[in-house]
Amino acid sequence: MLNMAELSIHSRQQKHTYNFLFIRKHYEMILAIIAGLLILSGWLLEHLTDHSQWFIFLLAYIIGGYAKAKEGWEETVHERKLNVELLMILAAIGAACIGNWQEGAVLIFIFALSGALESYATARSSHALSELLAYKPETARLILNGSETLVPVEQLTIGDKIRVKPGERVSADGTIIKGETTVDQSTITGESVPVYLKTGEDMMAGTMNIEGSVVVRVNKRSHETVFSRILQMVQTAQEEKVPAQQFIEKVEPHYVKAVLLFTAIMLVAPPFIMDWTWHLTFYRAMILLVVTSPCALVASTMPAVLSAIAFGARQGILVKGGGHLELFSSINAIAFDKTGTLTVGRPEVTRVHVEPSTDIQSFLAIAGSIEHESTHPLASAIVRYAETQLGHKAWETALQIQTKPGFGVSGIINGISYKVGKAAYIGEEIIETFLQDTVKRPETDQTVVYVATKDKVLGYFALRDQMRKEAQEAINTLNHHGIATIMLTGDNERTAQAIAQEAGVTDAISNCLPDNKVTHIKALQKKHGKVAMIGDGINDTPALATADIGIAMGGGTDAALEAADIVLVKNDLKKMVNLVHFSKKMNRIIKQNVIFALAMIAFLIVNTFLGDLSLTLGVIGHEGSTILVILNGLRLLRG
């Protein structure tokens, strides 16, 4: 154990480390404040002594301008690129050359202060994304040979069993094989209400286990989890720039050259053209250097974009770059894959009908017993329905189970042979006889599974993939906003129209095979212009890549997640509506910032020529506009 002296030394070391990190993080602001205090003291001394305190203002120059001068010098020399920092430093030096030390120092102070605030604002919006790293699990409780061992999550492999205790974050994506609990999934889905999970249901890495202790079977390696993919997408999004930002950065060096050329002309021409004194000419040329600098213009996009992406991530909408979010506001049509996107991708029993002499309980038990031996999605749906209706899983023993892929399953129960499957497997003749005698014929848009003995049909199950609960509301809202909604499905035309009517889409493309979805997307682009595609499967990836914006359901395949530009983590189609509003708001704020920045530059230039603008007021107007556009962009952090 550590003695008191060692504890004291350790405490001091921690304090020094914290102080160092604090100063390193906020050094721009600290230097700006010191420069401000020096300016204040220099101004007071001048008024008390009637002597110039230029040396104090020079010290304010050096301390306050260090960070921006270093930044500007490195960008100019190493990247061979002119920048706004260079203009500010030249203006401050020019003010000093004509004896305006105080105004030059004020210029440096306000410029340094606005730079520090800009760095803080950018860091805040970036932090809203990178704070996800705090939720990244580092270790897992691996169950091996009956004992638990704490291991790094990178060592987990598919099939490993881990324990997650109350208050711990889930270490890996997996399925609960023992226990039940309530889980806070807000870090992944954006949903604040905890979710109850039981045996057989999936848990996601990075979510918080609240109540029960559960054993989970790992389904994905650490770098393949939903949480890891979110982090990768966030990092990609932070690096990508919107077209407006790319344009501004491309134009900035040329703009600075134009400002320097204009300033050079202003240093020479006014005494001959406008009858200005040389002192006044030089002074106003320095003001022009300040007010024509595009600081506010440069800051008009990036804080807004980072804030928008950060807010989207908290809402369960992952955007891989600001450009995709900017483009989404101009989308005219959205193509929806049907299975797994508009529907849940899992068939459910919608109707059961038995012939009059058959007991419904016996019918369900027979079907459940035989289908229990099959892994087909339709069989699983029938078993789930039978379990719900019978209230138990104690099936009759089915012998001699035989499966005919694509057709059905047969088996023997209590010496009687049964078949469960489609009409062609049971026999068209006895099916037709059964249907002639029944009033409740199955609907054409449903999949029908019959149960029969050797010479008699006992009844049928009608199944259909269920529409997502939020699909209709989302599609109706999109239609209301003038966005065309199109469903792509492999179903026949009659079935497709029935589903399209239920979903509320404006159009449906039936008999759509996986390999011709790209053709349909290109046709939609010619018809509507900008088109987004939303899907979840491997077969959707070419179409997702072809569409102007590809959107993947969070529960979809890895290939779809990779191909998409935007991911709906929670598989919630209502987020699409939020995305439309949010994209338009981001573009609106960026336009506001750009127009305001340009208008302010024009206003300050006009006032410089009219002779009513001092260097101090020019600095306040210029840097104040920069701070305002940054704060306007940060509004997107709240949605």
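Below is a table of values for the structure above.
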quantity: Candidate set: region 153-169, residues that are open to solvent by less than 60 Å² (accessible area, probe 1.4 Å) and among the hydrophobic types (A, V, I, L, M, F, W, C); chosen: the one nearest to residue 138 (Cα to Cα); calculated: 153
quantity: Qualifying residue in region 433-443 (condition: of a type in the set (A, V, I, L, M, F, W, C), at pLDDT below 80 and open to solvent by 60 Å² or more (accessible area, probe 1.4 Å)); calculated: yes
quantity: Which numbered condition residue 579 misses (of (1) in contact with a Ser or Thr (Cβ under 9 Å, 6 or more places away or on another chain); (2) farther than 30 Å from residue 219 by Cα; (3) open to solvent by less than 20 Å² (accessible area, probe 1.4 Å)); calculated: (1)
quantity: Number of positions in region 35-53 that are assigned to a helix (DSSP H, G or I) and surrounded by fewer than 16 Cβ atoms within 10 Å (Cβ to Cβ); calculated: 8
quantity: Considering residues of region 207-225 that are at pLDDT 80 or above and in a loop (DSSP other than H, G, I, E, B) only, the residue surrounded by the most Cβ atoms within 10 Å (Cβ to Cβ); calculated: 207
quantity: Tally, over region 362-375, of residues that are in contact (Cβ under 8 Å) with a residue 24 or more places away in the chain, of a type outside the set (Gly, Ala, Ser) and either under 21 Å from residue 405 (Cβ atoms) or not in a helix (DSSP H, G or I) (or both); calculated: 4
quantity: The listed residue being open to solvent by 50 Å² or more (accessible area, probe 1.4 Å) and either among the charged types (D, E, K, R) or not in a helix (DSSP H, G or I) (or both), out of 397, 388, 358; calculated: 397
quantity: Yes/no for residue 182 being in a strand (DSSP E or B), within 16 Å of residue 209 (Cβ to Cβ) and at pLDDT below 85; calculated: yes
quantity: Near pairs, Cβ below 6 angstrom, 6+ apart or cross-chain, from region 532-553 (farther than 14 Å from residue 486 by Cα) to any residue that is surrounded by fewer than 24 Cβ atoms within 10 Å (Cβ to Cβ) and of a type in the set (Lys, Arg); calculated: 548/530
quantity: Some residue of region 626-637 being of a type in the set (Ser, Thr, Tyr), crowded, with 20+ Cβ neighbours inside 10 Å, in a helix (DSSP H, G or I) and modelled with pLDDT of 85 or more; calculated: no
quantity: Criterion: open to solvent by 60 Å² or more (accessible area, probe 1.4 Å), of a type in the set (A, V, I, L, M, F, W, C) and in a strand (DSSP E or B) - qualifying residue of 344, 420, 349; calculated: 344
quantity: Unmet criterion (only one of (1) touching a Pro at 6+ places or on another chain (Cβ under 7 Å); (2) touching a residue at least 12 places away in the same chain (Cβ under 8 Å)) for residue 278; calculated: (2)
quantity: Test for residue 473: is it open to solvent by 30 Å² or more (accessible area, probe 1.4 Å) and touching a strand residue (DSSP E or B) at 6+ places or on another chain (Cβ under 8 Å); calculated: no
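The values are calculated or read from the model by the stated rules, or taken from the named source; none is laboratory data. Bear in mind that the values here come from a model prediction, so they are computed numbers and not experimental data. Virtual Cβ from ideal backbone geometry, glycine too; neighbours counted across all protein chains shown. Areas reflect the complete protein model, heavy atoms only, side chains present, ligands, DNA and RNA absent. Shrake-Rupley method; radii C 1.70, N 1.55, O 1.52, S 1.80 Å.
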